[in-house]
Amino acid sequence: MDSCFHCGEKCKEELIIFQEKVFCCNGCKTVFEILVESNLTYYYELQEKPGISPGASEMKFDFLDNSEIVEKLLEFNENKNQIVSFLIPSMHCSSCIWVLENLGKLNQGIKYSQVDFPKKTVRINFSSDKINLKELVYLLSRIGYEPYISLKDYDEKNHKIDRSLIYKLGVAGFAFGNVMFLSFPEYFEVKEFWLEQFKHLFRWLMFAFSLPVVFYSGSDYFISAFKGLRARILNIDVPIAMGIAVLFIRSSTEILFDLGTGFFDSLTGLVFFLLLGKFFQQKTYSYLSFERDYKSYFPMAVTRLGTNTSRETTEEQVQVYKVKPGDRILIRNAELIPIDSVLIKGMANIDYSFVTGEAEVVKKESGETLYAGGRQQGGMLEIEAIKAIDQSYLTRLWSNEIFKKDKRGQFQNLINQISKRFTAGVLSIAFLATMFWLFYDPSKALNVFTAILIIACPCALALATPFTLGNLLRIFGRNKFYLKEAGVIEQIAKIDCLVFDKTGTITSNKKTEVYYEGLKLNAFDKQLLSSSLRASGHPLSMQLYQILEKNKILSLDEFKEYSGKGISSAGNGSKMKIGSASFVKESACDTKEFNKTTVHISSNNEYKGCYIFKNSYREGLVDLFRKLGDSKELFILSGDNDGEREKLENMLPMKTKFHFNQQPEDKLNFIKKLQQEGKSVMMIGDGLNDAGALAQSDVGISVSENINVFSPACDGILEACNLTSLNEYFKLSEKGVKIIKWSFVLSLCYNIVGLAFAVSGNLMPVIAAILMPLSSISIVTFTTLATNLAGRKFKPLVSKT
């Protein structure tokens, strides 16, 4: 089968040949023509078949005619010069970058465009008198780079990026380098004349360099230590803050009274390495969103119906927040219903899987209530709003206090637990040693006390966790598992209970099993069926057409589609009905009997049978559950009915527990109940209906076919094809915790050696300058080598679905 020259997809339905090149559809051919006319064919030389088949509908972005909405989207608007930034989820390669940065060749109104590939965004400067925002969006859509615009874009302006850590790290690094340079002669007690003359100046310069390090670069450690003590918690920042303070006070005292050179090199080096570890741990996937709420999914605007002075119906694009109870709204095929409403006109086929997880389409008639978050599948609807958007069922779900919970406090428990004992131990040793020297040689008592606090500062201890988890974060990312922060890895290692959503999580959205029950269809029936399905725009018709064996397409004599019911068609003297059981024949097998999605068929008023759609479960699922079941409790929660309970019970381990017909609140409460029983819970879901459970769980993981869009608020995003590697991710997390513990042992060895010098009153600046950086560098080296070795042994199991 030929593949498209532009997008690389197989040409299943039609084969279009243009300039001796094969295209799968007119959309791809049109994009090729646009690029050729604009002299942008280098696009295809950068990467083979890099394109995306365009698919935006003609009316999808009509809301951009509204000047108020446009003003909200624009970053700059002055003298017809406008700047806008768009998220482009389909951006994926160097060819994408090249064509998006050469948009000016497609339209002279575009002055320049700049791509931020990690964030999947493009920033465009254009002249509004030559091309308006709506035309710009359609231009991008025509070449396959449709922008993703949602309600969240209306509420949010530019985010300020916090670069304070980078600035603090830069200050500490600059000061550390200069202090080491100025300290060098003192290490070897060089007696050169000019060095002796300027020795005091060098010491005061070191003091000056240390001031911004202590009071700016190291300020977060003092703030965290203060908050911890106020909450009666001995966190890891308490001994670090003590070490920094003692180093600074003692060093300042030594140069003030000309007692020595101090420990400014150790001080600046300590803060620099600590900030380096924090920076290394702060790996983020800026192009992913881990905090999505309903605003990320809802449309920015809707079509509101009204009447003019002649009492004719008018259509107006309005911002969704301006919709009031009583307003009438037009909903087209595949559009999301943004508000709770009543159906006025049309036959509604609402897909609520986005909200409830229930896969089956719900049919609604005039006068019935439609809830926000449902997606219309079929013809056009006229609805009347009964509530404002912020009072709808779905938005009330987001008012739950669980969405305000900050999980960061529960991460990094291991290092905080150790720090309690470490701090108590160091203070005990310091006081006991000081008491001894007060009796034996009082002149050394203060020196010993400060030396112990200096050398026992948990620098290496504090570096073990960020460097280990930071390395693992990158390894996870390379293997399609993107975590919100490094601390999540530590929490994953503690999980003893796994809860899976069913639809879209353990089932595949890309593959559906279909089987036929009934009388055998002859060749002509199959031909008429394929031709009728091809002409229909209903999702089930299109899905069934893709699955069925392609027969020779017949030119239909009659074709009529009944919204919410089915299709009637005729060709070569034969008639066919395709659709629901009641539409095809009243005595036909009922969908409820099967508890599954069905498409029924009759030919010349003779009932033939029905195609039954069944969920297709991901490859490797049985093996995954068997491995996980050895060490963890397993649950499946689903918004669907229990039609597939028997199949799942036969597939999965006996210990797996099933709960069906679960609403979003039910899932959240189920997770909460498990936690109250003392279990550490990971929730794995895919839709907005799982958002509450994902937020309530100790670790919430969203499984996504496309990591750039449609993943609810969570702690991590896992590409669907890597779900079967979940057990391997658990093992790698557990290895990471073991590496941290071994790093603590190594750090303890250094502290014992250093304490031997400190307790005996023999800690010299040169010894501290060697021991402290040596311990830090060795810990960093050990964790890096150990995690890289673990990463090489990590072999994810990638499934096709």
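The values are calculated or read from the model by the stated rules, or taken from the named source; none is laboratory data. Given the structure is predicted, the values throughout are model-derived calculations rather than measurements. Each accessible area value is taken on the protein alone, full model and side chains, heavy atoms only, with ligands, DNA and RNA left out. Shrake-Rupley method; radii C 1.70, N 1.55, O 1.52, S 1.80 Å.
Mind scanning Lys679/Lys793; Lys738/Lys793; Lys119/Lys484 and naming the pairs with a C-alpha gap bigger than 18 Å? Beyond 18 Å between Cα atoms: Lys679/Lys793. Along segment 738-749 the Karplus relation, 6.51 cos²θ - 1.76 cosθ + 1.60 evaluated at θ = phi - 60°, assigns HN-Hα couplings of 5, 4, 4, 5, 5, 5, 4, 4, 5, 5, 4, 4 Hz to successive residues, with x for each Gly and Pro. Surface composition of segment 435-495: carbon plus sulfur atoms hold 63% of the accessible area, using a 1.4 angstrom probe and ignoring ligands, DNA and RNA.
Report the relative contact order of segment 163-280, percent, no decimals, based on alpha-carbon pairs under 8 angstrom and at least 6 residues apart.
Working: 108 pairs, mean separation 43.2, N = 118.
Computed over segment 163-280, the figure is 37 percent.
Shown in residue order for segment 226-235 are the 3J(HN,Hα) couplings computed by the Karplus curve 6.51 cos²θ - 1.76 cosθ + 1.60 at θ = phi - 60°: 4, 5, x, 5, 5, 8, 6, 10, 8, 7 Hz (x for Gly and Pro). Rounded to whole numbers, the Karplus 3J(HN,Hα) couplings from phi for segment 362-374 are 9, 8, 10, 10, 3, x, 7, 7, 10, 9, 4, x, x Hz, using 6.51 cos²θ - 1.76 cosθ + 1.60 with θ = phi - 60°, and x at Gly and Pro.
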